[in-house]
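Structure, as structure tokens:
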Amino acid sequence: QALLAHRVDVLERCGFPDTLLCAYRTLACIALGQGDERRALAVLDDLCALAERRRLPRLRVHALAEQIRIHALRGRTETIAHLIDALDALGPTFREPPLRWFQPQYRLAVAIAKAYADLARRDVDAADAQLGVADALARQLRRGHDMLTTKLLRAVVARQRDADHALPLLAEA
């Protein structure tokens, strides 16, 4: 945390987008680990603002998706709805060159974020549908972390449906 606190400005000026994403996500995770949700959300807001300034919509997608996840865990459905709208508004950006290449990653992030939103609204059928899309994309892109996330969320869906395979799925994940 101390290292990043004194280097984020340098990363903002000359860092690659993935490095910036890693730094900001790390700071948000540290804040959440310390029980400071407000600071984590502020870090993600800062990432959104940076993404706007530097015209890096991919960073904005990940910041919005992480904000959705945090708010979904607290059941803040109205805030989530606004964030989902902002996430959906970025869709056309990823259909045009040069960002077309990132469209599968965008769709994956959106599917996982919407699954969290659906779970917050207690709509397990919609969450299950989103997780099906997310799981297929995560496998296609070979994104191990996202495959694990979808497996965990599928276990939550199964648990909410009182399915027998919920605990084995959770144990597997």
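The values are calculated or read from the model by the stated rules, or taken from the named source; none is laboratory data. Worth saying up front: this structure is predicted, and the values here are computed from it rather than measured. Heads up, the Cβs are rebuilt from the backbone with ideal geometry, glycines too, and the neighbour counts pull from every protein chain shown. The protein model used for the area step is the full one, side chains on, heavy atoms only, and it has no ligands, DNA or RNA in it. Shrake-Rupley method; radii C 1.70, N 1.55, O 1.52, S 1.80 Å.
Which residue, of ALA89, ALA81, ALA72, ALA42, is open to solvent by less than 30 Å² (accessible area, probe 1.4 Å) and either under 25 Å from ALA120 (Cβ atoms) or hydrophobic (A, V, I, L, M, F, W, C) (or both)? Please lay out each step first, then the result.
Numbers: ALA89 fails: open to solvent by less than 30 Å² (accessible area, probe 1.4 Å); ALA81 fails: open to solvent by less than 30 Å² (accessible area, probe 1.4 Å); ALA42 fails: open to solvent by less than 30 Å² (accessible area, probe 1.4 Å).
Every option except ALA72 fails the conditions.
Considering only residues of region 152-171 that are aliphatic (A, V, I, L, M) and under 14 Å from ASP123 (Cα atoms), which is most open to solvent (accessible area, probe 1.4 Å)? Can you show your working first?
Step one: of region 152-171, the residues aliphatic (A, V, I, L, M) are 152-153, 155-158, 163, 166-167, 169-171.
In the following step, the residues that additionally are under 14 Å from ASP123 (Cα atoms) were identified as 153, 156-158.
On the way: LEU153: 13, VAL156: 61, VAL157: 4, ALA158: 5 Å².
Here the residue is VAL156.
Between a first residue in region 45-62 that is closer than 15 Å to ARG100 by Cα and a second residue that is in a loop (DSSP other than H, G, I, E, B) and modelled with pLDDT of 95 or more, which pairs have beta carbons less than 8 Å apart while being 6 or more apart in sequence or on different chains?
Sorted first by the residue in region 45-62, then by its partner, the pairs are PRO57/LEU90; VAL61/LEU90.
Kindly check whether there is at least one residue in region 19-29 that is open to solvent by 70 Å² or more (accessible area, probe 1.4 Å), more than 22 Å from LEU73 (Cα to Cα) and either part of a helix (DSSP H, G or I) or among the β-branched types (Val, Ile, Thr) (or both). Break it down into steps so the answer makes sense when it comes.
Looking only at region 19-29, we keep the residues that are open to solvent by 70 Å² or more (accessible area, probe 1.4 Å), and these are 22, 25, 29.
Checking the rest, the ones that are also more than 22 Å from LEU73 (Cα to Cα) come to none.
No; the residues of region 19-29 include none that is open to solvent by 70 Å² or more (accessible area, probe 1.4 Å), more than 22 Å from LEU73 (Cα to Cα) and either part of a helix (DSSP H, G or I) or among the β-branched types (Val, Ile, Thr) (or both).
Please verify whether region 115-138 includes one or more residues that are assigned to a helix (DSSP H, G or I) and basic (Lys, Arg).
Initially, region 115-138 is screened for residues assigned to a helix (DSSP H, G or I), giving 115-120, 124-138.
Imposing the further condition that a residue be basic (Lys, Arg) reduces the set to none.
Taking every residue of region 115-138 in turn, none turns out to be assigned to a helix (DSSP H, G or I) and basic (Lys, Arg).
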